[in-house]
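What follows is a set of notes on a single structure, which appears directly below.
The values are calculated or read from the model by the stated rules, or taken from the named source; none is laboratory data. Computed from a predicted structure; not experimentally measured. Every residue, glycine as well, gets a Cβ built from its backbone with ideal geometry; the counts of neighbours run over all protein chains shown.
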Amino acid sequence: MSERDYIVFVVDDDYRLREALLELLTSAKMNAVTFGSATEFLEYPKPDVPACLILDIDLPDINGLDLQRQLAPVDHPPIVFITGHGDVPSSVRALKEGAIDFLTKPFSEADLLGAIAAAIAKDREARRRRCEVDILQQRFSTLTPREREVLPLVVSGLLNKQAANELGISEVTLQIHRGKLMHKMEAQSLAELVRMAETLAIPLVHDRR
């Protein structure tokens, strides 16, 4: 990971710990920003890069677990919880709701850096998948209404003749629509088109058997 292509957010109301973490992350050549409250973090303009959120449980304005739930509906950095008062129910809740790790103070530098690396890797993959979906949605938007009808039939495994019968059109016309949608979706093969349809959550009209 290069120093400038990701960021680590630290939210903890303990000034001394924030400073210590900032020093640690800086020495590890990580780009980091610290906050004393959830409100400060929420108001901070986030750069569009992979990120990790190191989050304390006990904050002056909102509980860290509640902030995690508040962030859940939107894209947000993977969370690594840190707390001086850890308990099993809190850790279970945090991990069930997607936290990367739940570290109890004092935690080792190795554990923290390892959790950060896992969080950044997870965010990179999530961003890659969102980018892939955006590209496929853009391609899908160029399809005509008829081509959108042909697509689920084709990826469901129907033969051209069967798909044509489903739509009440000739097999030749079906093949023309199929060729055009393959071109617009930039699919090099039927298998690739099937993967694209799965990514776009296009429902199958028939089980492929």
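So which strands (runs of 3 or more DSSP E) stay within segment 1-110 end to end and still have 2 or more residues that are touching a residue at least 60 places away in the same chain (Cβ under 8 Å)?
7-11, 51-56
Tally time: how many residues in segment 157-178 are without any contact (Cβ under 8 Å) to a residue 24 or more places away in the chain and either within 36 Å of the chain's Cα centre (by Cα) or in a helix (DSSP H, G or I) (or both)?
13
Mind checking which residues of segment 2-18 are surrounded by fewer than 15 Cβ atoms within 10 Å (Cβ to Cβ) and either of a type outside the set (S, T, Y) or in the same structural domain as Q68 (by TED's automatic domain parsing) (or both)?
Scanning segment 2-18 gives E3, R4, D5, Y15, R16.
Any idea which of V154, V133 is aliphatic (A, V, I, L, M), over 30 Å from T83 (Cβ atoms), assigned to a helix (DSSP H, G or I) and in contact (Cβ under 8 Å) with a residue 60 or more places away in the chain?
V133
Evaluate segment 142-151: report whether one residue or more is in a loop (DSSP other than H, G, I, E, B), within 20 Å of the chain's Cα centre (by Cα) and touching a residue at least 12 places away in the same chain (Cβ under 8 Å).
No.
Are any of the residues in segment 19-35 of a type in the set (A, V, I, L, M), under 22 Å from V92 (Cα atoms) and either touching a strand residue (DSSP E or B) at 6+ places or on another chain (Cβ under 9 Å) or surrounded by 19 or more Cβ atoms within 10 Å (Cβ to Cβ) (or both)?
No: zero hits.
Among the listed residues L204, L181, identify the single one that is surrounded by 14 or more Cβ atoms within 10 Å (Cβ to Cβ), in contact (Cβ under 8 Å) with a residue 24 or more places away in the chain, part of a helix (DSSP H, G or I) and of a type outside the set (D, E, K, R).
Working: L204 fails: part of a helix (DSSP H, G or I).
Selected residue: L181, the only one of L204, L181 that is surrounded by 14 or more Cβ atoms within 10 Å (Cβ to Cβ), in contact (Cβ under 8 Å) with a residue 24 or more places away in the chain, part of a helix (DSSP H, G or I) and of a type outside the set (D, E, K, R).
Take segment 184-201 and flag every residue that is part of a loop (DSSP other than H, G, I, E, B) and in contact (Cβ under 8 Å) with a residue 24 or more places away in the chain. Don't jump to the end; show me each part of the working.
First, the residues of segment 184-201 that are part of a loop (DSSP other than H, G, I, E, B): 186-189, 200-201.
Matches in segment 184-201: E186, L200.
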